[in-house]
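Here is the structure we will look at.
The values are calculated or read from the model by the stated rules, or taken from the named source; none is laboratory data. Every value quoted in this text rests on a predicted model; they were computed, and no experiment measured them. For neighbour counting, all protein chains shown are included, and Cβ atoms are generated from backbone atoms with ideal geometry for every residue, glycine included.
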Amino acid sequence: MTKKTTPDLKVVGKRELTYKQKQFVKNVCDIPEKFSGIKQAYCDAYDVKMGKDNSIPKWVSKDASILHCTPSITLSIKSRLQRKEDVSVASSVRTRDYVIERLYEESKTAESDASRIRSLELLGKTIAMFTDRIEEATQRSSDDVMADIENKLEELLESNPDIESVISGTKD
């Protein structure tokens, strides 16, 4: 079974997105809780007037879908989401590094022993130094294992007499 991969999109003859297209891309990527989908993002970017009952006109669905499937828009959405994810990852890594650095400094320069010990404890937790692992290793001799197997077989034969007749080759 081969893994299905998505093709890399490339725009031939680069054409700059219009202001409204850029706004549509921004709406789709940046504010998913505000815009319930591409139709809402389209309405906001293109200043669509709502129907009498404050509903989205039916033609918006088609136009929004066509716009969303345009290669330059799809590529812009994909690159914007990737940038957003990269920034998020970089931010969390920077924060983690900063906290560890500050804990390290605190463990060396804190005025109270309790603060230094607490800093060292938290540093140790970042590398899972204090997680409890219980390993239970029991060594058994081969004679003990053989005796257990024989006991299990005897119990099995006693609980099911039909097995003994199959093993011995006789039928009752």
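Quick notes on this one:
- Within region 115-131, restricting attention to residues that are among the small types (Gly, Ala, Ser) and free of Cβ contacts under 8 Å to residues at least 12 places away in the same chain, the residue that is surrounded by the fewest Cβ atoms within 10 Å (Cβ to Cβ) is 128.
Residue-wise test of (1) free of Cβ contacts under 8 Å to residues at least 12 places away in the same chain; (2) among the aromatic types (Phe, Trp, Tyr); (3) touching a helix residue (DSSP H, G or I) at 6+ places or on another chain (Cβ under 9 Å).
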{"position": "67", "(1), (2), (3)": "no, no, yes"}
{"position": "77", "(1), (2), (3)": "no, no, yes"}
{"position": "84", "(1), (2), (3)": "no, no, yes"}
{"position": "87", "(1), (2), (3)": "yes, no, no"}
{"position": "91", "(1), (2), (3)": "yes, no, no"}
{"position": "94", "(1), (2), (3)": "yes, no, no"}
{"position": "98", "(1), (2), (3)": "yes, yes, no"}
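- Residue that is nearest to the chain's Cα centre (by Cα) [pool: residues in region 136-172 that are at pLDDT below 75 and assigned to a loop (DSSP other than H, G, I, E, B)]: 169
- Residue within region 31-51 that is of a type in the set (Lys, Arg), in contact with an Asp or Glu (Cβ under 8 Å, 6 or more places away or on another chain) and surrounded by 10 or more Cβ atoms within 10 Å (Cβ to Cβ) present: no
- Checked against the criterion of being more than 23 Å from the chain's Cα centre (by Cα), surrounded by fewer than 12 Cβ atoms within 10 Å (Cβ to Cβ) and assigned to a helix (DSSP H, G or I), region 78-97 contains not a single residue that satisfies it.
- For residue 60, the test of being farther than 29 Å from residue 19 by Cβ, in a helix (DSSP H, G or I) and not basic (Lys, Arg) is failed.
- Any hit, region 1-16, residues being modelled with pLDDT of 85 or more and in a helix (DSSP H, G or I): no
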